[in-house]
Amino acid sequence: MQITRPPSSIASITPRTSTPVLSLSSNPRRIFNLTSFQNSNHAFKISHKSQSGFSNPVLAAMRSEDGAEVDDAFYMRKSVELAKRAIGCTSPNPMVGCVIVKDGEIVGEGFHPKAGQPHAEVFALRDAGDLAENATAYVSLEPCNHYGRTPPCTEALIKAKVKRVVIGMVDPNPIVFSSGISRLKDAGIDVTVGVEEELCKKMNEGFTHRMLTGKPLLALRYSISVNGCFVDKIGEGALDTGGYYSKLLQEYDAIILSSSFFDKLPSISSKEDTNVSIQPIQIIVASNAQQSPIVASSNTVEESGPKVVLFTAKELVAESETSSSGVETVVLEKINLDSILDYCYQRGLCNVLLDLRGNIKDLEVLLRDGLEQKLLQKVVIEVLPEWNTKDERQVASMEWLESKHLKDLQCKQSGGSVLLEGYF
């Protein structure tokens, strides 16, 4: 068993600061305002103006290029579709897709498959080859303009001699923010920003939240009956391929579970087909020194990292059967949600799911922290086709949810259940 004590600074991580706004006054279409990143919904408010000077809520819907009409929104949606092939695989990086279009035809496609591997633009340009010259590149996120694990994508686009770049959203990473756009414009490339912006932001909401707050996005999941009573189970088929719970496990980098799930950890894994097989880190909070995890069969965002992370306020006695199971024990002075999220941030995680199942009393402190400290951003509720009496195990904290107002509430059917999804 690997015992880890978090660094002393784990509880005092400050949010990332943003770089000054770059002047893009030479672009008559867009005016960039960095302060708009700081609103509660993380909506990047960028004013749109047509060349005639009138506001236009639909940016670059159709455009004439060499006699051929190009539907910018269509190709941006295609880029998002490509990006989602790597869902759950790219953290701490965002999902990005890119399409190269020339004379009304797609000549190159690509997406970012995993952190450390080439970015979407590079794969798309390789696919297009010489046809990229004088073509239009559609990319769901602003191309990077710095050297990290990979060279700048802006230089790859410039070298390929693309004529136009259409960008879904500005990168909230302060290292990138607007610099990629400026570099492309300085090279004489026509740049359009904000096509299908909401769709692009939704896809990378965890990455954006992590960049702006210094913490991963935290979502709460639980099940209720049609009469509003807590139910300790998920619906039939939810964990099968295509089921909503299987998709959640694919989307989220980590899942916080009750300690009562120690003997069920191997069964909690996504059944979705992906290009890179990565399962969420399973986080268990131990309330006493008698608890010890069993072997789990999952992987993590960091393939060499532990499969299960056990948080405890006391030293646990290492047992031989857990020494080779990939379990990491993190000892905290005091167990709280803020410290757990700071740990997840340091591990490069963007999305964390707090799942209320099993002995949910184990999670009451974390749920209370999430509500009181506004650490919860999202909720997913499964309404099962059942009429139940109140479960006496329901934690008191859940009663607070009755008075919470949700934003952007959406519902859809999943098997025999109804899924509700909203934001705090």
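The values are calculated or read from the model by the stated rules, or taken from the named source; none is laboratory data. Computed from a predicted structure; not experimentally measured. FYI the Cβ positions are ideal-geometry reconstructions off the backbone, even for glycines, and counts take in every protein chain you see. Just so you know, the surface numbers come from the protein's heavy atoms only, side chains and all, with ligands and any DNA or RNA stripped out. Shrake-Rupley method; radii C 1.70, N 1.55, O 1.52, S 1.80 Å.
Quick rundown of the values:
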quantity	calculated
Only one of Val317, Val285, Val295, Val301 that is open to solvent by 10 Å² or more (accessible area, probe 1.4 Å), under 20 Å from Arg221 (Cβ atoms) and either among the small types (Gly, Ala, Ser) or at pLDDT below 50 (or both)	Val301
Criterion violated by Ser260 - all others in (1) assigned to a helix (DSSP H, G or I); (2) among the hydroxyl-bearing types (Ser, Thr, Tyr); (3) not assigned by the TED database to the domain that holds Leu349 satisfied	(3)
The one condition in (1) in contact with a Gly (Cβ under 6 Å, 6 or more places away or on another chain); (2) free of Cβ contacts under 8 Å to residues at least 24 places away in the same chain that Pro92 fails to fulfil	(2)
Any chance Val96 is surrounded by fewer than 24 Cβ atoms within 10 Å (Cβ to Cβ), aliphatic (A, V, I, L, M) and modelled with pLDDT of 95 or more	no
Test: residue in the stretch 251-270 that is open to solvent by 10 Å² or more (accessible area, probe 1.4 Å), closer than 26 Å to Leu420 by Cβ and touching a His at 6+ places or on another chain (Cβ under 9 Å)	no
Hits in the stretch 169-182 (condition: outside any helix (DSSP H, G or I) and either at positive phi or surrounded by 21 or more Cβ atoms within 10 Å (Cβ to Cβ) (or both))	Met169, Val170, Asp171, Pro172, Asn173, Val176, Phe177, Ser178
The stretch 111-123 residues that are without any contact (Cβ under 8 Å) to a residue 24 or more places away in the chain, paired with ones that are open to solvent by less than 40 Å² (accessible area, probe 1.4 Å) and not hydroxyl-bearing (Ser, Thr, Tyr) (beta carbon under 7 Å, 6 or more apart)	none
Which numbered condition Ile189 misses (of (1) more than 17 Å from the chain's Cα centre (by Cα); (2) open to solvent by 10 Å² or more (accessible area, probe 1.4 Å); (3) at pLDDT below 95)	(3)
Qualifying residue in the stretch 332-345 (condition: surrounded by fewer than 18 Cβ atoms within 10 Å (Cβ to Cβ), in contact (Cβ under 8 Å) with a residue 24 or more places away in the chain and in contact with a Ser or Thr (Cβ under 9 Å, 6 or more places away or on another chain))	no
Output for the stretch 346-357, where each listed residue is open to solvent by 10 Å² or more (accessible area, probe 1.4 Å) and in a loop (DSSP other than H, G, I, E, B)	Arg347, Arg357
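The rows are residues; the columns are (1) open to solvent by less than 10 Å² (accessible area, probe 1.4 Å); (2) charged (D, E, K, R); (3) touching a residue at least 24 places away in the same chain (Cβ under 8 Å); (4) under 30 Å from Asn388 (Cβ atoms).
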| position | (1), (2), (3), (4) |
| --- | --- |
| Lys201 | no, yes, yes, no |
| Arg210 | no, yes, yes, no |
| Pro216 | yes, no, yes, no |
| Arg221 | yes, yes, yes, yes |
| Gly228 | no, no, no, yes |
| Ile234 | no, no, yes, yes |
